[in-house]
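Novice: One structure is given below, represented as structure tokens, and several questions about it will come after.
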Amino acid sequence: MLRTDVTVIGAGPAGLFAAFYVGMRDLTVRIIDPLPEPGGQLMALYPEKYIYDIAGFPKILAKDLVNNLIEQLEPFKPIYTLGERAEKLEEVNGDFHITTSSGHTYATGAVIIAAGVGAFEPRKVGCPGEAEFTGKGVYYAVKSKAEFTGKRVLIVGGGDSAADWTLGLKDIAEVTLIHRREQFRAHAATVNQMIEAAEAGEVRILTPYELKEIRGDGHVREAVIFNNATKEETVLGVDAVVILAGYLSKLGPLATWGLEMEGNKKIKVLDSTMRTSRPGIFACGDVASYNGKLPLICLGFGEASIAANYAAAYAHPELKVNPGHSSERDEVPTPAATH
Ligand SMILES: Cc1cc2nc3c(=O)[nH]c(=O)nc-3n(C[C@H](O)[C@H](O)[C@H](O)COP(=O)(O)OP(=O)(O)OC[C@H]3O[C@@H](n4cnc5c(N)ncnc54)[C@H](O)[C@@H]3O)c2cc1C
């Protein structure tokens, strides 16, 4: 069993930066995430949106921030264990053994939980054709705008993502937005922009409409929608159905690890060292709860550096917690894996 000094659970921005700092301490690190690629919410939910509140970047696309984090971490040769969810935790002879959804067990000297809002999945509509055409014209996120160029796109939803992408795709695609209520939950300024775009004939907005069925022949061709007030049905010719109805998240198995919790979605950190109620287990990012917490990426980075340095000193008590200044290094080191 390949052992690493520290294991990070969650490859979102907090987890990636925590792993980087473990590397800076010349220690080995594994990152576990059930998603197929690193990036957490940024890659799964808004890769093509600009973020404006990352220190040093006046604006940066979410996917570019993730790529930069991966690049910064790369010299330390982290072990990515993707497509696996951390499920079980045992303490064995002073080590932690983490077993994942794939049945693999990984040994480690300390654990950093950076599981964000938990393992999340998009909220489904549940209509006929939805499952059948997922990946064949049914989407739950816009990962690449270019994919929709010249297409007839039906967007389903009434929140920020639905409104943002109605505006975001209108110049490259023929967009229809349906929402089951008259009122939108999205930011008022965006809703106003959307209404202006509809009045100018740039997009079509239909309320109170719901999706009834998706039809096709190997790929999406039609969507049946209905007015939930009059029950009148309409068949739209479409090439893509983008369902942006929010997502469900749950901490799942991590909530059973005997850690002190705040509600059932957040892990309590006991003090500013980011330690949890179980020695050797630290938390950072959205999942970590303490008085005054704000769920922001910039804060997650700070928490990640603290959690990583305390985790490093826990796994290797001969190490000082304080890493010193990175600028005092001549180059970044390449640690050897411990077995
Ligand atoms: C549309 C949108 C726009 C946003 N805009 C901004 C913004 O402009 N500025 C800002 O600061 N914040 C923004 N946020 C919030 C920001 O994305 C989060 O604060 C950030 O993603 C939290 O990072 P994280 O690493 O803690 O968690 P996440 O990004 O949620 O990553 C956590 C990872 O942990 C994994 N995980 C969960 N459970 C397990 C498990 N059991 N085993 C292994 N892995 C697990 C998940 O799959 C996920 O990949 C936005 C959020 C959304 C939805």
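Novice: Have a look at Ile98, Ile112 and point out the one that is under 16 Å from Val8 (Cβ atoms), more than 9 Å from the ligand (Cβ to nearest atom) and hydrophobic (A, V, I, L, M, F, W, C).
Specialist: Ile112
Novice: Which one is surrounded by the fewest Cβ atoms within 10 Å (Cβ to Cβ), of the residues in region 284-297 that are more than 16 Å from the chain's Cα centre (by Cα) and within 12 Å of the ligand (Cβ to nearest atom)?
Specialist: Leu294
Novice: Hey, Leu2 hits all of (1) surrounded by fewer than 16 Cβ atoms within 10 Å (Cβ to Cβ); (2) of a type outside the set (Val, Ile, Thr); (3) modelled with pLDDT under 95; (4) out of contact with any His (no Cβ under 9 Å at 6 or more places or on another chain) but one; which does it fall short on?
Specialist: (4)
Novice: Scan region 21-48 residue by residue and report those that are touching a Ser or Thr at 6+ places or on another chain (Cβ under 9 Å), of a type outside the set (Val, Ile, Thr), part of a helix (DSSP H, G or I) and under 22 Å from Ile267 (Cα atoms).
Specialist: Tyr21
Novice: State all residues of region 156-187 that are in contact with a strand residue (DSSP E or B) (Cβ under 8 Å, 6 or more places away or on another chain), over 25 Å from Asp64 (Cα atoms) and open to solvent by less than 70 Å² (accessible area, probe 1.4 Å); if no residue qualifies, say none.
Specialist: Within region 156-187, Val156, Gly157, Val175, Thr176, Leu177, Ile178, His179 meet the criteria.
Novice: Go through the residues of region 58-65 one by one and say whether even a single one is open to solvent by 20 Å² or more (accessible area, probe 1.4 Å) and in a helix (DSSP H, G or I).
Specialist: Among the residues of region 58-65, at least one is open to solvent by 20 Å² or more (accessible area, probe 1.4 Å) and in a helix (DSSP H, G or I), which makes the answer yes.
Novice: Restricting region 21-78 to residues that are near the ligand (Cβ under 10 Å from one of its atoms) and of a type in the set (Ser, Thr, Tyr), which is nearest to the chain's Cα centre (by Cα)?
Specialist: Among residues in region 21-78 that are near the ligand (Cβ under 10 Å from one of its atoms) and of a type in the set (Ser, Thr, Tyr), the one nearest to the chain's Cα centre (by Cα) is Tyr46.
Novice: I need every pair where a residue in region 288-299 that is assigned by TED's automatic domain parsing to the domain that holds Ile51 has its Cβ under 9 Å from the Cβ of a residue that is of a type in the set (Ser, Thr, Tyr) and open to solvent by 60 Å² or more (accessible area, probe 1.4 Å), sequence separation at least 6 or different chains.
Specialist: What qualifies is Tyr290/Ser272.
Novice: When region 5-57 is examined, which residues are found to be closer than 21 Å to Lys145 by Cβ, modelled with pLDDT of 95 or more and open to solvent by 40 Å² or more (accessible area, probe 1.4 Å)?
Specialist: Tyr52, Phe57
The values are calculated or read from the model by the stated rules, or taken from the named source; none is laboratory data. The structure displayed is predicted, hence computed values, not measured ones. So basically every Cβ, Gly included, is an ideal-geometry build from the backbone, and we count neighbours across all protein chains shown. With ligands, DNA and RNA removed, areas are computed over all heavy atoms of the protein, side chains included. Shrake-Rupley method; radii C 1.70, N 1.55, O 1.52, S 1.80 Å.
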